[in-house]
Amino acid sequence: MERYPIADSADLAARFPSDFRWGAATASYQIEGGAREGGRGVSIWDTFSHTPGRVLGGDTGDVACDHYHRWREDIAIMRELGLDTYRLSLAWPRFQPTADGGWNRGGTDFYRPLLEGLREAGISPLVTLYHWDLPQWLEDRGGWAGRETPQRFGDYAAHVAAELGDLVDTWSTVNEPWTSAYLGYGFGVHAPGRSDPAAALAAVHHLNLGHGLAARAIRAELGDSAKVSAALNLMALRPADPDSDADREAVRRLDALDNRAFTGPMLDGAYPEDLIADTAHVTDWSFVHDGDVDTAHVRLDLLGVNYYTTTTVRALGEGEAAIDDPRGQDMAQCRVATEGIDCVPQAGEVTAMGWLVDPAGLRDTLVDLSRRYPDLPLVIMENGAAYDDEVVDGSVPDLDRTSYYSQHLSAVADARDAGADVRGYCAWSLLDNFEWSWGYHKRFGIVRVDYATQERLIKGSARWYAEVIAACH
Ligand code: IFM
């Protein structure tokens with residue numbers, strides 16, 4: 001087989017309808033910089049990244065891609081690539097910097113011209129409200145492990161809807177609540193760096209509740225026609241041995257924790273009973289108050305799917321220990337009420353994150369979702385890969401990333417052929433950026449950023465993606 005299979009761009013484009021949405025995604029803390037500008041307050045990621053030992057190389061988001069000052073140039077790049085959608089997130093601490101909860105004009109003053117610039121360039125803004133940069137003052141009062149944060153999240157959603165609602169095409173409430181809850185509160189490798197399984201499960205619930213409060217606040221402000229979504233990184237789980245009852249039971253338990261803990265309240269209107277039973281030794285779920293789940297269960301106009309890889313799991317034998325991998329994201333789920341389960345590395349091509357390239361998992365996830373929720377359109381809000389790029393004669397010939405995109409877009413087309421109602425796709429990420437606890441050591445961009453000069457360089461993968469988009473429209 002070819003080392004880097006890459007589809008012909010026109011052939012691939014022909015598999016999508018002409019109104020398919022083609023975009024790229026970023027997040028505020030990962031690209032903006034301008035950490036002390038416009039009255040921005042401190043976020044949990046400022047605190048975490050400035051704490052020695054938390055982020056590789058001591059990197060912080062203080063400057064990042066300096067998008068705060070260079071957004072015009074970045075919009076010009078999006079335009080050059082022919083993107084019709086840009087998924088960005090708002091930094092909550094730019095709007096509510098301090099514990100008095102007052103609204104800072106600097107938030108609107110930064111995002112309004114940016115959103116206007118996108119509109120003028122013919123690019124629809126898909127705006128995420130929470131991509132992990134919680135104001136530190138809210139964390140100091142309990143963060144997502146407590147009830148104040150979801151209530152405040154609803155207030156913030158109402159505020160930004162009133163300030164920016166005329167410019168936003170689609171709202172997305174929370175990004176990957178799995179990551180916030182489990183990596184931030186359960187496993188300690190993301191901000192706020194807590195390692196407390198009970199707090200992680202409380203955070204799961206409060207993120208679900210915050211989602212519902214925010215979605216309702218947006219509609220209260222902008223009317224029922226406001227388009228609302230959330231982005232879930234559902235785990236594509238596979239049993240190491242499909243014939244093993246114990247491995248299939250391990251998949252069931254992880255599916256409850258990783259996936260149904262979110263789709264349950266958000267899309268089905270209830271927490272799964274097996275999740276409550278499996279975690280009874282960690283928490284009694286008394287943080288779920290009457291009416292919370294009804295609040296979280298709000299009509300969505302579309303569901304965002306973030307997909308990178310698959311996870312293969314097996315049940316550990318008596319007395320057998322899980323392999324310790326302190327930075328491995330896929331192992332995190334084995335630290336919150338998942339005793340006796342291990343994640344098994346699979347043979348095959350991996351990205352610079354060590355994540356298996358497995359496009360079939362994307363197809364399966366989309367087909368499965370569309371069968372369970374036939375009336376809910378899907379948008380891939382994140383998909384992409386980190387590789388150790390090289391600049392050769394002024395360009396980045398990232399065939400590995402191009403191939404990743406080609407294989408995954410083909411998987412999206414396969415899912416559509418199988419009946420999945422997938423309406424759009426956002427590459428992660430538009431720019432190389434701050435990859436959380438990996439700092440600037442992992443490059444996910446389709447556009448290279450030279451962090452010393454802030455020069456942008458369009459990579460080969462972006463050129464190929466632009467050809468697909470052009471051939472589709
Ligand atoms: O960079 C992150 C992004 O912020 C959320 N989803 C996964 C990406 C790659 O790790």
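Annotations for the structure displayed:
- Semi-axis lengths, Å, the stretch 25-74, gyration tensor of Cα atoms, sqrt of 5 times eigenvalues: 20, 13, 8
- Assigned charges on the beta-carbon of Lys, Arg, Asp, Glu; the stretch 334-429 dipole about Cα centre (debye): 460
- Normalised per residue, the accessible area of the stretch 128-268 is 27 Å², obtained with a 1.4 Å probe and no contribution from ligands, DNA or RNA.
- Highest to lowest packing among 104-116, 161-173, scored as the average C-beta count within 10 Å: 161-173, 104-116
- In terms of its C-alpha gyration tensor, the stretch 264-386 has an oblate overall shape, because the principal axis ratio a/c (a ≥ b ≥ c, square roots of the eigenvalues) is not below 1.5 and a/b does not outweigh b/c.
- Highest-first arrangement of 11-17, 78-84, where packing means the average Cβ count within 10 Å: 78-84, 11-17
- Net lengthening on full extension, Y373/D241 (0.36 nm per residue, minus Cα-Cα): 44.7 nm
- The stretch 44-201: relative contact order in percent, alpha carbon pairs under 8 Å with at least 6 residues between: 23
- Using only side-chain charges placed at the Cβ, +1 for Lys and Arg and -1 for Asp and Glu, the dipole size of the chain relative to its Cα centre rounds to 980 debye.
- By average C-beta atoms within 10 angstrom, highest first, the peptides 124-131, 67-74: 124-131, 67-74
- Lys/Arg +1, Asp/Glu -1 at C-beta; the stretch 1-142 dipole; positive extreme among L88, L118, G102: G102
- Using the rule -39500 (n - 2.57) for each DSSP H run of four or more residues, divided by the residues of the chain, the 222 nm mean residue ellipticity is -10500 deg cm²/dmol.
- Note: relative contact order over the chain, using C-alpha pairs below 8 Å and six or more positions apart, is 19 percent.
- Measuring with a 1.4 angstrom probe and ignoring ligands and nucleic acids, D364 comes out at about 70 Å² accessible.
- Charged-residue dipole, Cβ positions (Lys, Arg, Asp, Glu), the stretch 48-133 about Cα centre, Debye nearest 20: 140
- Of every Cα-Cα pair in the stretch 74-175, the percent that sits beyond 20 Å: 39
- Summing charges over all other residues whose Cβ lies under 9 Å from the Cβ of P93, with Lys and Arg as +1 and Asp and Glu as -1, gives 0.
- Probe 1.4 Å - accessible area at H408, Å² to nearest ten: 0
- Rounded to whole Hz, the Karplus (6.51, -1.76, 1.60) HN-Hα couplings of the stretch 373-378, x for glycine and proline: 10, x, 9, 10, x, 10
- Overall form of the stretch 206-295 per C-alpha gyration tensor (a/c, 1.5; a/b vs b/c): oblate
- Prolate/oblate/rounded call for the stretch 1-125, Cα gyration tensor, a/c under 1.5 rounded: oblate
- Centre-to-centre, using Cα atoms only, the stretch 408-473 and the stretch 283-298 are separated by 36 Å.
- Surface composition of the chain: carbon plus sulfur atoms hold 48% of the accessible area, using a 1.4 angstrom probe and ignoring ligands, DNA and RNA.
- Value of D in µm² per second that Stokes-Einstein yields for the chain, Kirkwood Rh from Cα pairs, at 20 °C (1.002 mPa s): 96
- For the chain, complete DSSP H runs whose alpha carbons reach 27 Å or more along their own long axis and whose mean Kyte-Doolittle score is -0.5 or higher are 197-222.
- Each residue, D8 and H50, gets one label point 7 Å from its Cα in the Cβ direction; the gap between the two is 5.6 nm.
- Sequence-separation-based contact order of the stretch 1-93, relative, with Cα cut under 8 Å and 6+ spacing, percent: 41
- Positive end of the dipole of the chain (Cβ unit charges, origin at the Cα centre): among A315, G348, H211, the Cα lying farthest that way belongs to H211.
The values are calculated or read from the model by the stated rules, or taken from the named source; none is laboratory data. This is a predicted model, so every value here is computed, not measured. Heads up, the Cβs are rebuilt from the backbone with ideal geometry, glycines too, and the neighbour counts pull from every protein chain shown. For the accessible areas, the whole protein counts, side chains as well, though only heavy atoms, and no ligand, DNA or RNA atoms are used. Shrake-Rupley method; radii C 1.70, N 1.55, O 1.52, S 1.80 Å.
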